[in-house]
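Take a look at the structure set out below.
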Amino acid sequence: MDRSSVYFDLIEAFGQPGCAICRLALRDVQRHLDSLLYEYVNEPETNDTFRRMRGLCNAHSWQLRTFRGSVLSISILYEAALDEVIRTIDQATVIPSSRLGRLLGASGEMSAAALAERLEPQAPCTACTMLDEGEARYLRLLGDHAADRRVEHAYRASEGLCLPHFRGALRAANGSENAGLMIMIQRAIWSKLKGELNLFMDKYDARHAGEPVGDEGTSWQRTIARLAGEWNAFGQRREKK
Ligand SMILES: [Zn+2]
Ligand SMILES: [Zn+2]
């Protein structure tokens, strides 16, 4: 993807509801999952990746269920991951067919911990990698070009970035002009949202029952999205248990 397409993607996404960067990152993941299921499902490389990943992360695994007509493809990919997990157990144990208590031998706890380690994903979730790379690309563009007339205009008219992406945008800001502008725009958008939320809370109060509720009716949901990011836009970013 060259820079010009990122530029126009960002301007277009600012015109849509929600955080523009969440939206673009989610679009990229959707395309990635789609191509996994419909183009690359039978490629040996995909099979090998699924074995090493132990399947996609929790969030992206469940996202696969939203693809219509993909049950067989999902089965093929997860059969490979499941086969790898069973193979790993067999390789780590002396008598695979024996009862669990004997499999782990005399140094039970150590062996169990070592097996847990081997069962960890040996490769990151490809959809999470896609999210990270897309995010970095869009944040870099914004950080470099926030003061560009068209970018600035689109950003001002948008619902603003979510908090995680605003932090990312500040870190990616190239120079004080870009940074200052982003802070000003984002603060104005969030102040307006807070006003809507306050109005909604007032109307929710019993004393105002019956008063018509306007756009502020969804302000609590939009506030969740603006602080946490859009649903599923951050994949499964957790340390291992
Ligand atoms: Zn976001
Ligand atoms: Zn993931």
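Rule-based calculations on the coordinates, nothing more; no lab input. Because the structure is predicted, anything quoted here is derived from the model rather than measured. Note that each Cβ is placed from the backbone with ideal geometry, even for glycine, and that neighbours are counted across all protein chains shown.
Summary of computed values
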{"quantity": "Area projected by the alpha carbon convex hull of region 111-241, averaged over all directions, nm²", "calculated": "12.0"}
{"quantity": "222 nm mean residue ellipticity, helices alone, for the chain (DSSP H n ≥ 4; -39,500 (n - 2.57); rounded to 500)", "calculated": "-21500 deg cm²/dmol"}
{"quantity": "Stokes-Einstein D for region 1-98, Kirkwood Rh over Cα pairs, 10 °C, 1.306 mPa s (µm²/s)", "calculated": "101"}
{"quantity": "Packing-based order for 201-210, 66-75, using average beta carbon neighbours within 10 Å, highest first", "calculated": "66-75, 201-210"}
{"quantity": "Axial C-alpha extent at least 24 Å, average Kyte-Doolittle at least 1.6 - helices from the chain (DSSP)", "calculated": "none"}
{"quantity": "Zone residues, region 114-146, relative to PHE67, backbone N less than 12 Å from point 7 Å out along Cα-to-Cβ", "calculated": "127"}
{"quantity": "More than 28 Å apart - percent of Cα-Cα pairs taken over the chain", "calculated": "50"}
{"quantity": "Sites ILE86 and ALA228 - FRET efficiency at Förster radius 45 Å, r taken between beta-carbons, to 0.05", "calculated": "0.75"}
{"quantity": "The chain: relative contact order as a whole-number percent, Cα under 8 Å and 6+ apart", "calculated": "30"}
